[in-house]
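> Let me begin by handing over the structure; questions about it come next.
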Amino acid sequence: MAAVPFSQQVLGKLKGKVVVLTGGAQGVGAATVGMAHRAGAHVFFGDWADDKGKQVEASVRAEHSGSSGSVHFQKVDVRQYASQLALFDTAYKAHGRVDVAVSCAAVTEAPGFFEPENLDLEAVREEPQDLRSRLDINLTSVLMFSRMALAYMKASPPAEDFSRSMVLVSSIAGITEAPGLFAYSTAKHGVIGLMRALRPYTPSRYGVRVNAICPWATDTQLLAGVKDRWIQEKLPLNQPENVAEMILQCAADETLNGKSVFVAGGKGYDTEEGYDRTQAQWMGEELTAEFNRGQKVLGLGDGWTSK
Ligand SMILES: NC(=O)c1ccc[n+]([C@@H]2O[C@H](COP(=O)([O-])OP(=O)(O)OC[C@H]3O[C@@H](n4cnc5c(N)ncnc54)[C@H](O)[C@@H]3O)[C@@H](O)[C@H]2O)c1
């Protein structure tokens, strides 16, 4: 597994950049907002938690009053197309461009949808709206967000090669088995699928890089259900700032595209490198050769999408 080191220097590249981020009112998102602003970026962040978002905006502004950047919060519900779009609009109207887009908003699993004691022929008749809504937040909104980001970046004035990028926050539950996280894990695997579909496409068609971040246990309210046991067992725990560093490393480092950065115990590792390198082991050498020939035939996938 290849380490993805964090370099404080790379943050300098964010100076003057326009960053759009969802889910910035607390946890990892809030840490990313603060760090990007400190680096001199113009940060536009949204969250449905209005009061917390305003508090983060005020405290970031006060803490880094010397920053040449700026920070703006607006209420966004990522399930609403127009609401996410309005965040991009605000950034674009203020600066005439968007350079970095980070999709970070998410919610955890709601209990009760899969447990045998709650699931029978009576209960299954009622459509589980909350389950659908969580999938909307954790997956559909990320797909919409990526499409919006590309439209606004395309409309922006030309930038240096591959300086523009999208960072999609997935999870270790998007790569591995995640007991009890039925809908969350479905969505987070979907985010990795989206990143993999985009990574050959957006650099060549838009000049925009894309990477995914896959945190393991991170000390935010999302971990509340298992945090005590985790600490008791002395398992590795990220601080939100560790994940923020990896988000901004991917955002600013022009050499990074198509990575899934597993963040564990405060450090980042690219899991795609091992996945690609060992393909012949898990797929078999013969099939790998055939498969790669098939991938060449598919190219950038225009055969699927051309009318
Ligand atoms: N904490 C962990 O252990 C962990 C592990 C793996 C992945 N992650 C991922 O990291 C990211 C950040 O999570 P966190 O741990 O900081 O959690 P968090 O709950 O502190 O932050 C998530 C933010 O998303 C916002 N949000 C949720 N639904 C929204 C909606 N519909 N519209 C707008 N905003 C909405 C919340 O209000 C919150 O501010 C998430 O994508 C999460 O899945 C976290």
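The values are calculated or read from the model by the stated rules, or taken from the named source; none is laboratory data. Keep in mind the model is a prediction, meaning the values are calculated, not measured. Cβ: placed from backbone, ideal geometry, glycine included. Neighbour counts: every protein chain shown. What goes into the accessible areas is simple: the full protein's heavy atoms, side chains included, and nothing from ligands, DNA or RNA. Shrake-Rupley method; radii C 1.70, N 1.55, O 1.52, S 1.80 Å.
> Can you give me the C-alpha center-to-center distance between the stretch 213-283 and the stretch 86-119, rounded to a whole angstrom?
Cα centroid of the stretch 213-283 versus Cα centroid of the stretch 86-119: 19 Å apart.
> What is the extension gain from E241 to L85, computed as 0.36 nm multiplied by their sequence separation minus the C-alpha to C-alpha distance, in nm to one decimal? The partial results should precede the final answer.
Numbers: separation 156, 0.36 × 156 = 56.16 nm, distance 2.70 nm.
Here the segment from E241 to L85 would lengthen by 53.5 nm.
> Relative contact order, percent, of the stretch 132-280 when contacts are C-alpha pairs under 8 Å separated by at least 6 residues?
Taking the mean separation of contacting Cα pairs over the length of the stretch 132-280, I get 24 percent.
> Below 8 Å, C-alpha to C-alpha, sequence gap of six or more: please give me the relative contact order for the chain in percent.
Values: 563 pairs, mean separation 58.9, N = 307.
Taking the mean separation of contacting Cα pairs over the length of the chain, I get 19 percent.
> Taking the dipole about the Cα centre of the chain, with the C-beta of Lys and Arg at +1 and of Asp and Glu at -1, give me whichever of A159, A197, G303 is farthest to the positive side.
Going by the charge dipole, the pick is A159.
> Can you give the extra length, in nm with one decimal, that the chain gains between Q129 and K75 once fully stretched, where that is 0.36 nm per residue apart less the Cα-Cα distance?
Contour length minus the Cα-Cα distance gives 17.2 nm.
> Under 8 Å for C-alpha pairs, at least 6 residues apart: give me the relative contact order for the stretch 120-189, rounded to a whole percent.
Relative contact order comes out at 37 percent.
> Carbon and sulfur: what percent of the stretch 2-305's accessible surface (1.4 Å probe)? Walk me through the intermediate numbers first.
Values: 8340 of 15260 Å².
Result for the stretch 2-305: 55 percent of the exposed heavy-atom area is carbon or sulfur.
> Can you pull the semi-axes for the stretch 220-292, root of five times each eigenvalue of the Cα gyration tensor, sorted largest first, whole Å?
Numbers: eigenvalues 202, 71, 15 Å².
Working from the Cα gyration tensor, I get semi-axes of 32, 19, 9 Å.
> Measuring with a 1.4 Å probe in the full set of protein chains, what accessible area per residue, in whole Å², belongs to the chain?
51 Å²
> On a 1.4 Å probe surface of the protein chains, which of F6, F162 comes out largest in accessible area, and what is the full order?
Correct descending sequence by accessible area is F162, F6.
> Sticking with this structure for a sec: What is the distance, in nm, between label points placed 7 Å from the Cα along the Cα-to-Cβ direction at R205 and at A155?
That separation, rounded to one decimal, is 1.8 nm.
> Please work out how many pairs of lysine residues in the stretch 34-193 are eight or more positions apart (or on different chains) and have Cα atoms closer than 21 angstrom.
Taking the Cα cut-off of 21 Å, the pair count is 5.
> Related question: Just want the answer: with Cβ charges of +1 for Lys and Arg and -1 for Asp and Glu, which residue in G27, G265, V100 is farthest toward the dipole's positive end in the stretch 2-305?
Checked the options; the winner is V100.
> Can you spot the lysines whose alpha carbon is less than 22 Å from K296's alpha carbon? Ignore those fewer than 8 places along the same chain.
Cα-Cα hits under 22 Å: K259, K307.
> Rounded, prolate or oblate: which fits the stretch 1-83, taking a ≥ b ≥ c as square roots of the Cα gyration tensor eigenvalues, rounded meaning a/c under 1.5, else prolate when a/b beats b/c?
It comes out oblate by the Cα gyration axes.
> Please report the equivalent ellipsoid semi-axes of the chain, computed as sqrt(5 x eigenvalue) of the Cα gyration tensor, largest first, in whole Å.
Details: eigenvalues 161, 137, 86 Å².
In descending order, the three semi-axes are 28, 26, 21 Å.
> Can I ask one more? At 1.4 Å probe size, what's the solvent-accessible area of Y152? Round to the nearest 10 Å².
The value for Y152 is about 30 Å².
> Quick one: Cα centre-to-centre distance for the stretch 14-58 and the stretch 122-165, in angstrom?
Between the Cα centre of the stretch 14-58 and that of the stretch 122-165, the gap is 18 Å.
> Tell me, in nm to one decimal, what length is gained between A110 and L181 on full extension, where the rule is 0.36 nm per residue of separation less the Cα-Cα distance? Before the final figure, lay out each step's value.
Values: separation 71, 0.36 × 71 = 25.56 nm, distance 0.87 nm.
Taking 0.36 nm per residue and subtracting the Cα distance, the gain is 24.7 nm.
> How would you classify the stretch 29-179 from its alpha-carbon gyration tensor, with a ≥ b ≥ c the square roots of the eigenvalues: rounded for a/c under 1.5, else prolate if a/b is greater than b/c, otherwise oblate?
On the way: a/c = 2.32, a/b = 1.91, b/c = 1.21.
Verdict is prolate for the stretch 29-179.
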